[in-house]
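Trainee: Quick one: the structure is below, questions incoming.
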Amino acid sequence: MERWQTVERVPAPALIPKFGPLSGMRILLTGSIVAAPFGATILAEYGAELIHVERPNVGDPFRYQAPVIEKNGQRVSAGWIQEARNRLSLTLELNLNIPEVKDIFLGLIKNSDVWIENMVWVDKLGINDEMLFEVNPKLVIAHISGFGRPKFGGVPEECDRPSYDAIGQAEGGFMYLNGFPEPMPPMLAPSFVNDYITTMFMACGVLMAYINAQKTGKGQVVDIAQVEAMSKCLNDAFTQYFLLGMVKERFGNKIPIFQPANLYKTKDNKYVYIGAYGPVVYNRFLKALGLDPQKFPHEKAGASKEAVNSELGRELERITGEWVAARTAAEVKEQLTKHKVPCGIVKNIADLAASEHYQKRGNFIEYEDQTLGQTVRAFGFCPKMSETPPQVWRGAPRLGQDTEAILKRLLGYSDDEIAAFRAKGII
């Protein structure tokens with residue numbers, strides 16, 4: 001009998017405080033960089049116990065992504081400080097062809113509700129879904145990859161391709177629609193937007209599968225492809241093509257099918273976006289600018305692509321730009337807000353950090369980063385919850401910080417066994 005077969009399941013949480021709506025869920029993460037780890041961290045901020053498996057002496061490369069903060073010889077990425085909190089770090093050389101590693105990993109699977117990975121080529125490590133379901137029939141398995149797993153269909157060679165955020169944006173159709181029309185090229189959206197969108201679909205899928213497993217006792221595989229997550233966010237692009245034969249094109253900041261819907265420069269060299277969809281809001285906009293709705297009727301100046309491009313529509317756009325240019329961003333916001341017209345001042349991070357609204361919403365929190373050993377300030381939580389609020393019980397962990405605690409308390413290994421693992425370079 002293999003060691004993992006004798007392991008008794010330890011209820012969660014065993015290694016973290018009890019809080020949040022997901023308390024009682026345990027997640028095993030074998031992912032790196034952004035997509036899989038971020039989604040797992042979101043769940044951990046709402047109470048799930050999260051064990052992040054990292055390679056010994058290497059760790060998740062995201063730990064060292066520039067810019068890096070240094071203190072007393074310790075180096076850690078600003079991104080890691082923000083995104084890796086509420087994790088337990090276990091170092092393990094993840095190759096199930098090594099008997100000891102197989103025992104540790106399957107023991108962890110037996111003790112977990114969810115396994116999340118974005119390594120893609122897990123078969124080469126001796127891991128397959130069927131084996132894991134034999135160990136834990138209620139397990140939820142989440143695979144994140146660029147193009148999906150062959151089990152769910154597709155061209156095998158495509159499924160086997162490597163990917164990252166920009167590849168997902170390009171191949172999923174998003175990059176083609178992002179930016180200004182030709183001759184300008186398509187534009188990459190910053191801040192790993194594809195990874196973040198992908199991981200939110202993953203978190204949603206995991207929660208649906210977890211609820212089903214609790215009701216039925218049967219786990220399942222959740223397959224998330226970066227390209228499909230991107231394509232899912234393209235609004236009406238596919239129905240336009242299938243039903244009308246139209247390929248949706250880039251249009252920059254100005255939405256072509258109604259107005260006002262554009263970005264305007266203000267007197268104080270800031271930018272304000274104004275959007276007024278539908279006749280009610282459109283007429284409120286005209287009132288805010290002191291314009292005559294009889295002269296600029298919605299149907300003829302703002303209701304459609306044809307109206308926007310008409311002589312009257314172009315005149316309204318010119319007047320709008322001049323009106324904004326004659327005022328500061330604050331004055332534009334004040335006047336339009338008074339008339340309930342949606343508008344937004346383009347803000348950078350310094351603006352948001354100084355925002356009274358953000359501060360009173362509790363959007364900035366402090367906690368101790370485990371690598372630096374100092375209190376750091378970072379963005380807090382979304383969504384807010386009234387009865388089971390999220391929390392950061394600990395900042396991002398040092399590499400392998402929780403290896404011994406996990407092996408002892410969840411899997412029952414002794415100090416001597418753990419020392420032997422270290423000597424072999426397994427942990």
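Trainee: Going through the range 238-279 one residue at a time, which ones are of a type in the set (A, V, I, L, M, F, W, C) and within 21 Å of Glu334 (Cβ to Cβ)?
Mentor: Result: Ala261, Leu263, Val272, Ile274, Ala276.
Trainee: Within the range 154-167, which residues are among the hydrophobic types (A, V, I, L, M, F, W, C) and surrounded by 14 or more Cβ atoms within 10 Å (Cβ to Cβ)?
Mentor: Correct list: Cys159, Ala166, Ile167.
Trainee: On to the next question. Return the total of residues in the range 308-329 being without any contact (Cβ under 8 Å) to a residue 40 or more places away in the chain and crowded, with 17+ Cβ neighbours inside 10 Å.
Mentor: 1
Trainee: Then there's this: On the basis of being part of a strand (DSSP E or B) and within 28 Å of Gln401 (Cβ to Cβ), does Leu108 make the cut?
Mentor: Taking the combined requirement at face value, the residue does not satisfy it.
Trainee: Here's something else I'd like to know. Of the conditions (1) out of contact with any strand residue (DSSP E or B) (no Cβ under 7 Å at 6 or more places or on another chain); (2) assigned to a loop (DSSP other than H, G, I, E, B); (3) over 24 Å from Arg26 (Cα atoms), Asp416 satisfies every one except a single condition; which number is it?
Mentor: (2)
Trainee: Let me ask something additional. Between residues in the range 268-296 that are free of Cβ contacts under 8 Å to residues at least 60 places away in the same chain and residues that are open to solvent by 30 Å² or more (accessible area, probe 1.4 Å) and among the polar types (S, T, N, Q), which pairs lie under 8 Å by C-beta distance while being six or more apart or on different chains?
Mentor: So the pair list comes out as Ala288/Gln335; Pro293/Asn283.
Trainee: Out of the range 343-386, which residues are touching a residue at least 60 places away in the same chain (Cβ under 8 Å), open to solvent by 60 Å² or more (accessible area, probe 1.4 Å) and touching a Pro at 6+ places or on another chain (Cβ under 9 Å)?
Mentor: Met385
Trainee: What's the total number of residues in the range 217-226 that are among the small types (Gly, Ala, Ser) and buried (at least 16 other Cβ atoms within 10 Å of the Cβ)?
Mentor: 2
Trainee: Follow-up. So which residues in the range 315-329 are of a type in the set (S, T, N, Q) and farther than 9 Å from Asp268 by Cα?
Mentor: Thr320
Trainee: Still on this model: Please give the number of the condition Ile81 fails out of (1) farther than 28 Å from Ala419 by Cα; (2) in contact (Cβ under 8 Å) with a residue 60 or more places away in the chain; (3) surrounded by fewer than 19 Cβ atoms within 10 Å (Cβ to Cβ).
Mentor: Evaluating Ile81 over (1) farther than 28 Å from Ala419 by Cα; (2) in contact (Cβ under 8 Å) with a residue 60 or more places away in the chain; (3) surrounded by fewer than 19 Cβ atoms within 10 Å (Cβ to Cβ) leaves (3) as the failure.
Trainee: Follow-up. Within the set of pairs 6 or more residues apart or between chains, which connect a residue that is touching a residue at least 60 places away in the same chain (Cβ under 8 Å) inside the range 209-223 to a residue that is of a type in the set (Phe, Trp, Tyr) and surrounded by 12 or more Cβ atoms within 10 Å (Cβ to Cβ) with Cβ atoms less than 6 Å apart?
Mentor: Partner pairs satisfying both residue conditions: Asp223/Phe152.
Trainee: List pairs: first residue in the range 129-143 and farther than 18 Å from Gln214 by Cβ, second residue among the acidic types (Asp, Glu) and open to solvent by 10 Å² or more (accessible area, probe 1.4 Å) anywhere in the structure, Cβ distance under 8 angstrom, at least six positions apart or on different chains.
Mentor: Pairs found: His143/Asp223.
Trainee: I would also like to ask the following. What's the total number of residues in the range 227-271 that are at positive phi and open to solvent by 60 Å² or more (accessible area, probe 1.4 Å)?
Mentor: The qualifying residues number 2.
Trainee: When you check Glu322 against the structure, is it charged (D, E, K, R) and over 35 Å from the mean Cα position of the chain (by Cα), yes or no?
Mentor: So Glu322 passes the test.
Trainee: Report, by residue number, each residue of the range 168-216 that is assigned to a helix (DSSP H, G or I), surrounded by 14 or more Cβ atoms within 10 Å (Cβ to Cβ) and not hydrophobic (A, V, I, L, M, F, W, C).
Mentor: Scanning the range 168-216 gives Gly168, Gln169, Glu171, Tyr176, Asn194, Asp195, Tyr196, Thr198, Thr199, Gly205, Tyr210, Asn212.
Trainee: Of all residues in the range 3-35, which are open to solvent by 10 Å² or more (accessible area, probe 1.4 Å), under 26 Å from Asp165 (Cβ atoms) and polar (S, T, N, Q)?
Mentor: Ser32, the sole residue that qualifies.
Trainee: Looking at (1) small (Gly, Ala, Ser); (2) surrounded by fewer than 21 Cβ atoms within 10 Å (Cβ to Cβ); (3) touching a Phe, Trp or Tyr at 6+ places or on another chain (Cβ under 6 Å), can you tell me which one Ala66 breaks?
Mentor: Evaluating Ala66 over (1) small (Gly, Ala, Ser); (2) surrounded by fewer than 21 Cβ atoms within 10 Å (Cβ to Cβ); (3) touching a Phe, Trp or Tyr at 6+ places or on another chain (Cβ under 6 Å) leaves (3) as the failure.
Trainee: Being part of a helix (DSSP H, G or I), touching a Lys or Arg at 6+ places or on another chain (Cβ under 6 Å) and surrounded by fewer than 24 Cβ atoms within 10 Å (Cβ to Cβ) is the requirement here; does Asp103 meet it?
Mentor: Taking the combined requirement at face value, the residue satisfies it.
Trainee: A follow-up question, please. Which is out of contact with any Phe, Trp or Tyr (no Cβ under 8 Å at 6 or more places or on another chain) and either assigned to a loop (DSSP other than H, G, I, E, B) or buried (at least 21 other Cβ atoms within 10 Å of the Cβ) (or both), of Lys151, Lys138, Lys124?
Mentor: Residue meeting the stated conditions: Lys138.
Trainee: Would you be able to tell me the number of residues in the range 272-303 that are assigned to a strand (DSSP E or B) and open to solvent by less than 60 Å² (accessible area, probe 1.4 Å)?
Mentor: Residues in the range 272-303 being assigned to a strand (DSSP E or B) and open to solvent by less than 60 Å² (accessible area, probe 1.4 Å): 3 in total.
Trainee: A further question on this structure: Checking Tyr413 against (1) open to solvent by 40 Å² or more (accessible area, probe 1.4 Å); (2) more than 25 Å from Ile69 (Cα to Cα): exactly one of these is not met. Which one?
Mentor: Single failed check for Tyr413: (1).
Trainee: Here is a follow-up. Restricted to the range 36-63, and to residues that are in contact with a strand residue (DSSP E or B) (Cβ under 9 Å, 6 or more places away or on another chain) and at positive phi, which residue is most open to solvent (accessible area, probe 1.4 Å)?
Mentor: Asn57
The values are calculated or read from the model by the stated rules, or taken from the named source; none is laboratory data. As the structure is a prediction and not an experimental result, all values here were calculated from the model. Cβ sites come from the backbone with ideal geometry, for glycine too, and all protein chains shown count toward neighbours. Ligands, DNA and RNA are stripped out before the accessible areas are found, and what is left, the full protein with its side chains, is counted by its heavy atoms. Shrake-Rupley method; radii C 1.70, N 1.55, O 1.52, S 1.80 Å.
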